[in-house]
Amino acid sequence: MSRTYAVAAVAAVVLTTLLVGGFGLRISRTTSDFYVASRTVRPRLNAAAISGEYLSAASFLGIAGLVLVHGPDMLWYPVGYTAGYLLLLVFVAAPLRRSGAYTLPDFAEGRLESRQVRRLVSVLVVGAGWLYLVPQLQGAGLTLKILTGAPGWLGDVLVASVVVTAVAAGGMRSITFVQVFQYWLKLTALLVPAIFLVLAWHGSGHPRGTFDEQLSVFRADHPLYATYGLIIATFLGTMGLPHVVVRFYTSPNGRDARRTTVVVLALIGTFYLLPPVYGALGRVYAPELIHGGDADAAVLLLPERVIGGLGGDLLGALIAGGAFAAFLSTASGLTMAVAGVITQDVLPSRGVRHFRLATVLAMCVPLAGSLMVSRVPVADSVGMAFAVSASSFCPLLILGIWWRRLTPPGAIAGLLLGGGSAFLSVAITVSGAVRPPGWPHTLLAWPAVWSVPVGFLAMVLVSLATPGRVPPGTNAAMTRFHLPEALMPGRHR
């Protein structure tokens, strides 16, 4: 691939991101603008922004890499990533918007009237956000290294710098426009090359690769357990991802939040038709990546392998731009979510100046982690973040919205035992302290099978054991969650 074209594409994406972010600065004036875009983002625009930040490095590069290595079994990833929004639509979207909160800690404190619960949720939101940010930065480093030969750390630092600039410039209003642009760029960057790649494959006699052998020790021990761990994490983890949840607070009302979710299902469902195509073609044209440990690079390398020449360079440059858009959009959403929590729960003031300081703090830790921690395949790393979300925020949201008897001690127990154990498992896995093969590694690498039930059971059992701790405002909160805004004039925010 021509380095000149690749560098030009990445530079164009970075420059456009900064320009769009600067536009957000011009129309962001109030604290509400920075946190939730003053709750004025309409369904179609919001859906494209959610899709833009949700379709991360794991979606753009990682799914194709996993399909290349492991075969069709890995199609559970796009299925789970998409189906999670169906559960979010049914159980969470509208009530969460009607809660009037800015962040997940706001929701937790408003529902349970407990500062202790708020603090614990804040810690988990920041931890999950940092865990999700690390693979975005590492994916950027890998992409820039493959495309230009630059040192791996340069991509990490570049994405971190651009994201901090865009988010600090205009907050939620700024990144809304950035993420809408980046969704359509990512879709185009995969769709157009895929068409030419499939035509070239067909014109060469449609050679076939084989998916018979399973080569990775990551799943070879207990594949059925790993599959269930993946399904549970992705189906239930979506509704608690902090950067996804915060976008529903930007909807004008609960009805628009539901409409937004329906459009999101269509947008991300369309996108997820494409990465498996690259994984299948990678088996034919780049089989050496299976053993080389760089399977995530398949999407970037295929245009040169299959088409070559100027056409391959141009298509490769388009994919390079889309890949960087994936890193930037997801990292922007995560940084926004983490910065919001740091501003409200760590710094002494909640003003715009402190929000910008929080933006820098939100990026420092994951940037350091991406430079120091050995690389895990991006889709697997993101799947671990989903497991933490499914084990902590999913029980809190489901029971907080639909069960009147939830108490602060119950919520704390569930968050600590469910989310805490999942987070610890992921940390041990990433550190390499427990290595495959064997059940210990499998249980820690895919904790959702046991950590999600632990989270739910702990919340239910401890709440039942502390009936006197049900918050006095529970009935009012439940009414606000479930009554349409038209029946509660002046109550929704």
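The values are calculated or read from the model by the stated rules, or taken from the named source; none is laboratory data. Please read all numbers here as calculations on a predicted model, not as lab measurements. No Cβ is skipped: glycine too gets one built from the backbone with ideal geometry, and neighbour counts run over all protein chains shown. Calculation scope for accessible area: heavy atoms of the full protein, side chains included, ligands and nucleic acids excluded. Shrake-Rupley method; radii C 1.70, N 1.55, O 1.52, S 1.80 Å.
Using only Cα atoms and rounding to the nearest 10 degrees, what angle (0 to 90) does helix 421-431 make with the longest principal axis of the chain?
Once rounded, one gets 30 degrees.
How much length is gained if the chain between Ala8 and Thr466 is pulled fully straight, taking 0.36 nm per residue apart and subtracting their Cα-Cα distance, in nm to one decimal?
My answer for the length gained is 158.8 nm.
Suppose the chain between Val192 and Ala368 were pulled fully straight at 0.36 nm per residue; how much longer would it get relative to their current alpha carbon spacing? Numbers along the way, then the final one.
Details: separation 176, 0.36 × 176 = 63.36 nm, distance 3.53 nm.
Taking 0.36 nm per residue and subtracting the Cα distance, the gain is 59.8 nm.
So what is the relative contact order for segment 407-459, in percent, with contacts set as C-alpha pairs under 8 Å and at least six apart?
Details: 53 pairs, mean separation 31.2, N = 53.
Worked out over segment 407-459, it gives 59 percent.
Step by step: find N for the chain, compute 2.2 N^0.38 Å, then divide the Cα radius of gyration by it. What's the final number? Write down the numbers at each step before the final one.
Working: Rg = 21.8 Å, N = 493, 2.2 N^0.38 = 23.2 Å.
So the chain has a normalised radius of gyration of 0.94.
In whole Hz, what ³J(HN,Hα) sequence does segment 126-133 give by Karplus (6.51, -1.76, 1.60; θ = phi - 60°), x for Gly and Pro?
5, x, 5, x, 5, 4, 6, 6
Pop out the carbon and sulfur fraction of the accessible area of segment 236-390 as a percent, whole number, probe 1.4 Å. Working shown, then result.
Values: 2890 of 4490 Å².
Its accessible area is 64 percent carbon and sulfur atoms.
Can you pull the percent of segment 88-133's accessible area that's carbon plus sulfur, 1.4 Å probe, other chains left in place?
Values: 790 of 1260 Å².
Using a 1.4 Å probe with all protein chains present, segment 88-133 comes out at 63 percent carbon and sulfur.
In whole percent, how big is the carbon plus sulfur part of the accessible area of segment 402-469, probe 1.4 Å, protein atoms only?
On the way: 2350 of 3130 Å².
Exposed carbon and sulfur together represent 75 percent of the surface.
Given 0.36 nm per residue, what is the gain on full extension from Asp221 to Leu416 after removing their alpha carbon distance, in nm? Intermediate values should be presented prior to the final figure.
Details: separation 195, 0.36 × 195 = 70.20 nm, distance 2.87 nm.
Computed gain between Asp221 and Leu416 is 67.3 nm.
Going by average Cβ density within 10 Å per residue, which order do the peptides 410-422, 123-135, 261-273 take, highest to lowest? Let's see the in-between values first.
Numbers: 410-422: 24.4, 123-135: 25.9, 261-273: 18.5.
Highest to lowest by the protection proxy: 123-135, 410-422, 261-273.
At a Förster radius of 60 Å, what calculated FRET efficiency corresponds to the Cβ-Cβ distance of Thr479 and Val434, to the nearest 0.05? Show your work: numbers first, answer last.
Details: r = 47 Å, r/R0 = 0.79.
Step by step, r from the Cβ atoms, then E = 0.80.
Percent relative contact order of the chain, based on C-alpha pairs within less than 8 angstrom and at least six residues apart?
30
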